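Novice: First, the structure itself, so that you have it in front of you.
The values are calculated or read from the model by the stated rules, or taken from the named source; none is laboratory data. The model shown is predicted, which means the values in this text are computed figures rather than measured ones. Here Cβ is always computed from backbone atoms with ideal geometry, including for glycine, and neighbour counts include all displayed protein chains. The protein model used for the area step is the full one, side chains on, heavy atoms only, and it has no ligands, DNA or RNA in it. Shrake-Rupley method; radii C 1.70, N 1.55, O 1.52, S 1.80 Å.
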Amino acid sequence: ASDEQKYDIVSSCAHIFPAGQVDKLRAVYAGARSRGDDPIEAVDAVIEFMGRDPGWSEKPRREGTVIYSTKQPRDPQAHAQAQTDAEKRRAYCFCPIVRNRLDQGMSTTFCYCGSGWFRRQWEGALGKPVRIEIVKSIVKGDEVCQFAIHLPDDL
């Protein structure tokens, strides 16, 4: 399969993101647009909401038309207490498929599942497709997993 096909398939089967949380994002975005905010200001309103609402683990940052989101460790305590890089990566990763096979080598294709988490958030908020890029991944040897959410041109 092509990289695009892999992205579409795996990011579409990510775990179900809570609909209530997506509804909150959509309401913030729609509210900002109804006040006359331009689309980027409305995106910023969503990001600010994510920073205040306890339902979000990390606050993304926007640079131009790209939003960057870095995942926090799945098990912060085990991550902080890890003695080896392998223990640290296992405590960091949310994906049990990856987490249990890190020492065997894994394809970053599995990380498209994590990108699907952000895809559901932002497509739900904006009502338009977004493209998610894997910027950093523990699978690639990085210390964190970071995703770039590319906003649509016709926002």
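Novice: Out of (1) under 30 Å from V43 (Cα atoms); (2) at pLDDT 90 or above, the odd one out for C93 is which?
Specialist: Answer for C93: the failing condition is (2).
Novice: Which fully enclosed helices (runs of 4 or more DSSP H) of the range 1-119 have 1 or more residues being open to solvent by 50 Å² or more (accessible area, probe 1.4 Å) and either in contact (Cβ under 8 Å) with a residue 24 or more places away in the chain or hydrophobic (A, V, I, L, M, F, W, C) (or both)?
Specialist: Ranges flagged: 3-12, 19-34, 76-81, 85-92, 96-99.
Novice: Looking at I97, I47, I16, I40, which one is aliphatic (A, V, I, L, M) and touching a Phe, Trp or Tyr at 6+ places or on another chain (Cβ under 8 Å)?
Specialist: That would be I97, the only listed residue that is aliphatic (A, V, I, L, M) and touching a Phe, Trp or Tyr at 6+ places or on another chain (Cβ under 8 Å).
Novice: Specify the residue that is nearest to I47 (Cα to Cα); the eligible residues are those in the range 131-147 that are buried (at least 18 other Cβ atoms within 10 Å of the Cβ) and either at pLDDT 95 or above or in contact with a Ser or Thr (Cβ under 8 Å, 6 or more places away or on another chain) (or both).
Specialist: Here is the first cut: in the range 131-147, the ones buried (at least 18 other Cβ atoms within 10 Å of the Cβ) are 132, 134, 136-139, 145, 147.
Now drop any that are not either at pLDDT 95 or above or in contact with a Ser or Thr (Cβ under 8 Å, 6 or more places away or on another chain) (or both), which leaves 132, 134, 136-137, 139, 145, 147.
Values: I132: 16, I134: 19, K136: 21, S137: 22, V139: 27, C145: 19, F147: 15 Å.
Checking each candidate, the answer is F147.
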